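Down below is the structure, laid out as structure tokens.
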Amino acid sequence: MKLLVRQDNRSESLRLERDLEYGIAEYAPGAEVIANGWTLVSGGIDLQNRELEIRFYRVCSECNRVEREAQATDIPAQCPTCGTFPTGQRARTMKYIVPRGFTTLIDDPVEDVRLYRLKPPPNSEVFLVEGAEPDRFQPHPEFSGISLGYRPDGQLFRANSGPKGGHFSVCRICGNAKRKTGTHKKPWGPDCNGGKIITDLVCEFRTDTLQIRFDGVRPAPPGVSDRSFWLSLQTAFIAAVADTLVIPRRDLDGTYRSQGEGSSAGELVIYDRVPGGAGYVGRSGRNCLEYWRRRLNASSSVQTLRASWREAAMPACGHTGISLAGIFCAETGSPSGFHLYWKVGEGAESSVRFWRR
Ligand SMILES: [Zn+2]
Ligand SMILES: [Zn+2]
């Protein structure tokens with residue numbers, strides 16, 4: 001994703017590009033971008049001679065699913081997946097656009113770098129919007145109670161609702177998104193009297209995804225509405241996978257959601273963040289055992305794994321009480337695998353063995 005620099009003498013020397021996921025935050029209208037010792041301010045959406053396509057979305061905080069439709073009226077008040085009436089920050093149906101790029105405004109000054117830069121508006125978490133079909137789930141080849149749904153082109157969704165959740169105000173005609181009422185100028189200079197819409201920015205991308213269900217594990221994990229549990233599990237799981245594969249954590253990421261219509265059971269989702277797909281997620285699917293076996297044997301020590309799982313589990317669950325009690329390696333003391341361990345309610349504990357020799 002690009003930021004088009006329109007100011008004279010600067011455009012030649014600056015090629016500003018970011019990943020899609022970070023682009024909608026770092027290049028969002030109003031964001032300050034530092035390059036070549038200058039501070040540039042993004043001022044709008046680069047429409048690239050196309051019409052602005054406006055769609056609608058709504059997040060259900062109960063089951064962590066996103067509804068997307070071409071018309072606002074097609075999104076029912078009641079969540080079609082879990083049946084609740086969504087509440088919370090993103091419960092309102094919002095407009096969204098998927099920008100192809102961003103632009104500065106030609107008349108905006110280019111300033112020298114200051115000591116501080118405005119923080120870009122934060123992105124939402126990531127949501128899986130297209131995953132494996134229900135009949136594509138396979139039992140884990142070795143461990144009963146766990147099933148896996150792999151999809152090489154799962155679709156993920158991430159929104160940016162602007163500074164302090166105040167959304168963006170974008171001209172339908174020219175893409176100008178400076179916070180200002182009345183007439184404005186097109187990013188390249190001439191006057192414009194196009195109307196502005198209030199919208200969020202969204203990136204939708206496809207990559208390798210793996211959904212993991214624990215339906216046969218006893219006791220079962222808590223329902224999907226137990227956010228602290230699922231966030232902790234997600235964070236810890238990603239950290240452990242990255243440690244086990246000896247790859248940077250940023251190469252993988254995760255999310256969770258309900259399994260589907262009428263179900264309060266959750267599923268963990270992990271996805272590949274490397275452009276083009278490095279295949280990490282696929283490897284943790286059905287045919288991964290040999291790969292994991294080799295990696296586990298090569299990994300440093302049981303102690304390292306144990307420490308990193310614990311550390312990762314804490315920040316997510318520290319806020320709302322610990323429901324993910326801890327994650328441990330195999331009982332043998334040799335690097336032969338690791339256990340996932342959770343606590344459900346009073347005393348009931350479940351230990352899930354994931355990968356082992
Ligand atoms: Zn729901
Ligand atoms: Zn305009």
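The values are calculated or read from the model by the stated rules, or taken from the named source; none is laboratory data. Owing to the predicted nature of the structure, the values given are computational and were not obtained by experimental measurement. Backbone-built Cβ (ideal geometry, glycine too); neighbour counts: all protein chains shown. Each accessible area value is taken on the protein alone, full model and side chains, heavy atoms only, with ligands, DNA and RNA left out. Shrake-Rupley method; radii C 1.70, N 1.55, O 1.52, S 1.80 Å.
Below is a table of values for the structure above.
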{"item": "Arg10/Asp251 FRET efficiency (R0 30 Å; Cβ-Cβ; nearest 0.05)", "result": "0.35"}
{"item": "Solvent-accessible heavy-atom area per residue, rounded to whole Å², over the stretch 102-144 at 1.4 Å", "result": "64 Å²"}
{"item": "Heavy-atom accessible area order for Glu17, Glu267, largest first, 1.4 Å probe", "result": "Glu17, Glu267"}
{"item": "Dipole magnitude of the stretch 54-97, debye to nearest 20 (Cβ charges: Lys/Arg +1, Asp/Glu -1, about Cα centre)", "result": "180 debye"}
{"item": "Exposure rank, largest accessible area first [Ile34, Ile197; 1.4 Å]", "result": "Ile34, Ile197"}
{"item": "For Leu118, solvent-accessible area (1.4 Å; no DNA, RNA or ligand), Å²", "result": "100 Å²"}
{"item": "Sequence-distant lysines (8 or more away, or on other chains) whose Cα lies within less than 23 Å of Lys2", "result": "Lys95, Lys119, Lys178, Lys185, Lys186, Lys196"}
{"item": "Accessible surface of Ser264 - all protein chains present, 1.4 Å probe, nearest 10 Å²", "result": "80 Å²"}
{"item": "Solvent-accessible area of His167 with every protein chain in place, 1.4 Å probe, in Å² to the nearest 10", "result": "30 Å²"}
{"item": "Inter-label distance, nm, simple model (7 Å from Cα along the C-beta direction), Gln48/Arg117", "result": "2.4 nm"}
{"item": "Cβ-based net charge around Gly194, under 14 Å, with every Lys or Arg adding one and every Asp or Glu removing one", "result": "+4"}
{"item": "Cut-off 12 Å between beta-carbons: net charge of the residues surrounding Tyr271, Lys and Arg +1, Asp and Glu -1", "result": "-3"}
{"item": "Those residues of the stretch 104-123 whose amide nitrogen sits under 18 Å from the label point placed on Lys180, 7 Å along Cα→Cβ", "result": "104-111"}
{"item": "Accessible heavy-atom area order of Lys164, Lys119, highest first, probe of 1.4 Å", "result": "Lys164, Lys119"}
